[in-house]
Amino acid sequence: LIDINGLPLLSCLAVSGILVYLGMHVVERKVIFVDLALAQIAALGATVAFMLGHSVQSAATYGYSLVFTLFAALLLAFTRQWATRLPQEALIGVIYVVAAAAAILLIDRAPQGAEHLKQVLTGNILTSGVKDLAFIVPLYTGVGLVHWLLGRRLSDAGTFVWEFIFYASFGVVVTSSVAIAGVLLV
């Protein structure tokens, strides 16, 4: 029973727990759709890795997704100072649309493109196991610990460094969650 239902349930609790916590900070910052944009960027990274011949569940695919997401975190942290001239939500929307369009254009070229797109969108949380939990629990605990130690500095809009740490930690969580649960659930 624990293998069939328990491990996916624990994965769901871990993913939803950290995303709810980070979601509260997102609402405080008034960048509501940043999670969707970062999830789509992670999916674009996975699509690029897939197009380069890596399997969907490989470490290389995760690496591509993480690099793409950290680049987006750097961009979001940098553009926070522009918020007086251009709302950051507008940039977040542009990032999402460009990433989604690029992923669709890339996946159109692949013979198994429809299957990859389905995998990226829906994930496979119902088949998650001990290996997935052994990866995400320490990772999410570490991110939670960083947020606890840095306190309000991460939830308040501040300097470039604090912004980047917030978006990078959020991006790491989103990238890991997309690999397990898919873009739509995250």
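The values are calculated or read from the model by the stated rules, or taken from the named source; none is laboratory data. The structure displayed is predicted, hence computed values, not measured ones. For the accessible areas, the whole protein counts, side chains as well, though only heavy atoms, and no ligand, DNA or RNA atoms are used. Shrake-Rupley method; radii C 1.70, N 1.55, O 1.52, S 1.80 Å.
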Practice task
Normalising by the residue count of the chain, find the relative contact order in percent from Cα pairs under 8 Å and 6+ residues apart.
Solution key: 38
Fill in the blank from the handout: Counting only protein heavy atoms with a 1.4 Å probe and every protein chain in place, the carbon and sulfur fraction of the accessible surface of the stretch 12-166 in whole percent equals 74
Practice task
May I ask you to evaluate 6.51 cos²θ - 1.76 cosθ + 1.60, the Karplus curve with θ = phi - 60°, for each residue of the stretch 140-149 and list the ³J(HN,Hα) values in order in whole Hz, giving x for glycine and proline?
Solution key: 5, 5, x, 5, x, 5, 4, 5, 5, 5
Problem - Heavy atoms of Arg153 accessible to a 1.4 Å probe, total area in Å² rounded to 10 - result: 120
Practice task
Compare Ala77, Ala134, Ala46 in a GNM of the chain, Cα atoms joined below 10 Å, and give the one with the largest fluctuation.
Solution key: Ala134
Handout entry: All-pairs alpha carbon distance profile, the stretch 1-140, 5 Å steps from 0, percent
Key = 2, 9, 16, 19, 19, 16, 12, 5, 2, 0, 0, 0
Practice task
Could you state the accessible area per residue of the stretch 65-143 in Å², with a 1.4 Å probe and every protein chain left in place?
Solution key: 60
Problem - For the stretch 69-186, the spread of Cα positions along each principal axis, largest first, Å - result: 45, 37, 18
Problem - GNM flexibility winner over the chain from Pro87, Pro111, Pro138 (Cα, springs under 10 Å) - result: Pro111
